[in-house]
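Here is the structure we will look at, set down as structure tokens.
Every number in this text was worked out from the coordinates using simple rules, so none of it is lab data. From a predicted model like this one, the values you see are computed outputs, not experimental measurements. Here the Cβ positions follow ideal geometry from the backbone for every residue, glycine too, while neighbour counts run over all protein chains shown.
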Amino acid sequence: MNISRTDLNLFVVFEAIYSQGGVTRAAEVLHLTQPTISHALGRLRDRVGDPLFVRHGQRLVPTPLADRMIGPTREALKLFQRTLGELDGFDPLTAEMQFSIGMRALMEASFFLPLVRLLNSAAPRVMVSSVPLDRRRIEADLSAGELSAAIDIFLPLGEDIRREHLSTSRTVVVARQGHPQVVGQITLGSGPINRLEIALVACFKSPNFQGVS
């Protein structure tokens, strides 16, 4: 089937008839006349070579082909609706979108949980997921759309990657007073610290969330 020669409005009519179980109700939902709905159904029947619906009592019952078509048809119509909605402007209260944010596990408590709480009230239909971040692929994943965004330390990335500074944190080493292997200045590359068993702890605090992980 060549889509360039197909009236996509026929699929709007098809979905309405499938959902409403008849031409009369579909016409009411779409605010069209019954002859218009019947004519559109006839055109789609000719296009796909199948009756799509057969009468059973007072209802039109879908054929096996119609049952196979309805899922992809609804997904396509939703996609068109979202696209048109984005052209009209982004409304967080009604937007239905999905975002994947790459981050390390220690970042989730600091950034992801407050973000989810904010979205629950400001954009209730927006879905956001946290996915493990591979720093070796961060630029490729962002460019390919595998990630919508990433939260991590400052990394050398290409100029086409937009970035925003979110917060500043510092790393400290805590040890008991008089520890025999903690003497003088300590760095992450120093010999003593490489021989110690270390517990990595993240302390975080924000207006919406605070704690330790």
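A few notes on this one:
- Prolate/oblate/rounded call for segment 37-168, Cα gyration tensor, a/c under 1.5 rounded: prolate
- Considering only beta bridges that DSSP places wholly inside segment 45-179, some 30 percent are antiparallel.
- Positive-pole candidate from 35, 9, 83, dipole of segment 3-88, charges at beta carbon: 35
- Given charges at beta-carbon only (K, R positive; D, E negative), |dipole| of segment 1-136 in Debye: 260
- Sorted by Cβ density within 10 Å, fewest first, the residues 103, 127: 127, 103
- When each of 129, 167, 38 is scored by the number of other beta-carbon atoms lying within 10 Å, the sequence from fewest to most is 167, 129, 38.
- Residue order, fewest to most surrounding Cβ atoms within 10 angstrom, among 24, 33: 33, 24
- Note on segment 21-67 and segment 134-157: Cα centroid distance 48 Å, given to the nearest whole angstrom.
- Computed magnitude of the charge dipole of segment 107-177 (debye, nearest 20; Cβ of K, R +1, Cβ of D, E -1): 380
- Normalised by 2.2 N^0.38 Å, where N is the number of residues, the alpha-carbon radius of gyration of segment 3-88 equals 1.09.
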